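Participant: Below: one structure in structure tokens.
No lab work stands behind these numbers, since they all come straight from the coordinates. A quick note: this is a predicted structure, and the numbers were derived from the prediction, not measured. No Cβ is skipped: glycine too gets one built from the backbone with ideal geometry, and neighbour counts run over all protein chains shown.
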């Protein structure tokens, strides 16, 4: 049987099954799940079966060895077993597995944040026939307490230097504008993203002015509405800015601003559930894969891997479920590097394709919320200073939130999400007070920290399949602009999975192979 | 300019036929209004079967697309009122720049604004009670910054204070009506902030609308303070 042929790579898996959950009824009498035919051979169709027949029944510890000695003991044991089978006893032929993911899924998406859910949405939307693809989203934390999506400042801008980034952001903004057509669920209220169309204002010093002009030219070519402002124009428009040291500013006129990421997440979640995507609360602990040794046309030996199973471990328990799958999508955000390691990416001599790791790691960033009674008014955009500090208005009560990216040497330890308030005093406030004199008198009300899924190679996302692990697709490493690109990235990854190539936006510069070839797709920043 | 300054009040056509359609469209975007018995059964089925949900979702999409179709500008079609009406006159006047547009109650949306933003000499724009004008649409108005003097957004259900923040591009604006906006969370505070943002502009807000409702005889008289007896 085809399934039997796939089982050859499962040596350790067989032992692992002892810890596993109750398996299907096929294991009657046979040794630990060769798992050929599950139960009655009926494969679940649309929704997964939440009850399964128990396998071996109550354990018979000394099955068969009715040798000498302790006959009375055995009789009492047999009596106890019979009593447990009868109604009213402890044993029941059905066990509840509703907390476990299904045994089979066509696509497993690791990570239920905005990027993972966007991939799930576009997969279901672009599939050729309704219900053709079964998608499972595995999310470790249903409260999203550490997820980058909900801890984000929520900004969206088209002011990038790479045309691909601009196109991604333009499509995402169109998605957000028409969100109630894309994510409409029958009988549910429409979504209110609380979008503030106030724009982004980037300030550049003398050194960065030429780069900014070139960037704006590229942005305008792609269709973004951005204008350049001189220091005099800046002073006239925003009198509260101190323009000393600013040679040029670029201001987004339309389709830029900030919105509520939690609303987008919930909207996607609701829509994706109504389209039939299955959710699982668990953690991916292992990939079971098979290897194929092949030769390229030029005679080089290469080992292609294919993932067959994803082991999903249930929270606070040793119970796990192996999910058979055809494709795995790595959308685990700050933890994508860890998931890639589990799949064996990067295990090889350094400098080769097998030895190229996914260079995504979590980096902690702080966001501070302060109150300033004389601060900028309703027209304030999200202002980004050349020093790296940024701020934006929050609400109507003269509250502002902002922060600053630390330099490489000052990177905080990403082990936890504790906030360092001294960082604000020493690194953020001086720049803010210099740029906006009103901020000399402010009071910090709240602060929090979140992770960037930071791509240490070139600070841009990784999208598309891995060249060697042929059925793992990446959608991670966006280094702080994942939220604003999520709808477009989801569509791009779904296109690659279903059609084999990018159709609407060509994200070839963001493929994994660039890490091996050394081709950086880097933003030209204006610092 | 040589042509006479005819302030064309272009009222969007076929409103009598269209109003029930507009209300119908508003219903499509506001499902709380549809709490009828038949819906309960459909909702029950939709919760349990993906196919029923898919069919209902498709019908909902079709309703929403009706708004898009109404906004497609096909040369003169958008301007054509019921019957023959103005179409002859309009053709003669097509060289005249349009100065004022009254699109009150119109089902204009983000795409439909393309038609209005092409009018570079527009001085007065009225978008009162337009059900589909929202914050995103206000973000587009910066293209009229050079000419626009008067803007009325009263009664639009989807405009909030976040959209009003991007009106600061309209530096020639002299009259702005933002009364009766149900989605604005704090109308008094919003009006103060908008007045600060647009110092040369007269902002009409919620309090004026309320004082109009009172009527002239009930207005508080400023001569009411009687002289203090010695």
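Participant: How would you order A:296-302, B:185-191, A:104-110, A:160-166 from highest to lowest mean count of nearby Cβ atoms within 10 Å?
Facilitator: The densest-packed peptide leads the list: A:104-110, A:160-166, B:185-191, A:296-302.
Participant: Also: Sorted by average packing, counted as other Cβ atoms within 10 angstrom per residue and highest first, what order do A:325-333, A:284-292 take?
Facilitator: Per-residue mean Cβ counts within 10 Å order the peptides as A:325-333, A:284-292.
Participant: Now for a separate question. Order of A:195, A:259 from fewest to most other C-beta atoms within 10 Å?
Facilitator: A:259, A:195
Participant: Counting only other chains, what is the mean number of Cβ atoms within 10 angstrom of the Cβ of each residue in peptide A:195-204?
Facilitator: 4
Participant: Calculated FRET efficiency, residue A:470 and residue A:94, Cβ-Cβ r, R0 41 Å, to nearest 0.05?
Facilitator: Working from the Cβ atoms, E equals 0.60.
Participant: Shifting gears a bit: Work out how much length residue A:317 to residue A:357 would gain on full extension: take 0.36 nm times their residue separation and subtract the Cα-Cα distance, in nm to one decimal.
Facilitator: Taking 0.36 nm per residue and subtracting the Cα distance, the gain is 11.4 nm.
Participant: May I ask for the angle, rounded to the nearest 10°, between helix A:163-177 and the longest principal axis of chain A, with both axes built from Cα atoms and the value confined to 0 to 90°?
Facilitator: Approximately 80 degrees, to the nearest ten.
Participant: Against the longest alpha carbon principal axis of chain A, how many degrees, from 0 to 90 and to the nearest 10, is the axis of helix A:482-499 turned?
Facilitator: The helix A:482-499 is inclined about 50 degrees to chain A.
Participant: Order A:484-491, B:137-144 from most to least packed using the mean count of other Cβ atoms within 10 Å.
Facilitator: A:484-491, B:137-144
Participant: Same structure, new question: Testing the spin-label approximation: label points 7 Å from Cα along Cα→Cβ at residue A:445 and residue B:48. State their distance in nm.
Facilitator: 4.8
Participant: Give the separation of the Cα centroids, the stretch A:419-474 to the stretch A:312-331, in Å.
Facilitator: 30
Participant: If you take each beta carbon of peptide B:45-56 and count the beta carbons of other chains within 10 angstrom, what is the mean?
Facilitator: Mean partner-chain Cβ count within 10 Å for B:45-56: 3.
Participant: Something else: Compute the helix-to-body angle for A:114-126: its Cα long axis versus the longest principal axis of chain A, expressed 0 to 90° and rounded to tens.
Facilitator: Value to nearest ten degrees: 70.
Participant: May I ask you to sort A:188, A:413, A:420 by Cβ crowding, counting other Cβ atoms within 10 Å and putting the fewest first?
Facilitator: With the fewest neighbours first, A:188, A:413, A:420 line up as A:413, A:188, A:420.
Participant: In nanometres, what is the gap between the two model label sites at residue A:145 and residue A:371, each 7 Å from Cα along Cα-to-Cβ?
Facilitator: Distance between the two pseudo-spin positions: 2.8 nm.
Participant: Right, another one. For chain A, what relative contact order do you get, as a whole percent, if you take Cα pairs closer than 8 Å and at least 6 residues apart?
Facilitator: Relative contact order here is 18 percent.
Participant: Restricting to DSSP H runs of at least four residues, report the calculated mean residue ellipticity at 222 nm for chain A, -39500 (n - 2.57) per run over all residues, nearest 500 deg cm²/dmol.
Facilitator: Value at 222 nm, helices only: -7000 deg cm²/dmol.
Participant: Per residue of A:393-401, how many C-beta atoms from partner chains lie within 10 Å of its own C-beta, taken as a mean?
Facilitator: Average per residue, whole number: 2.
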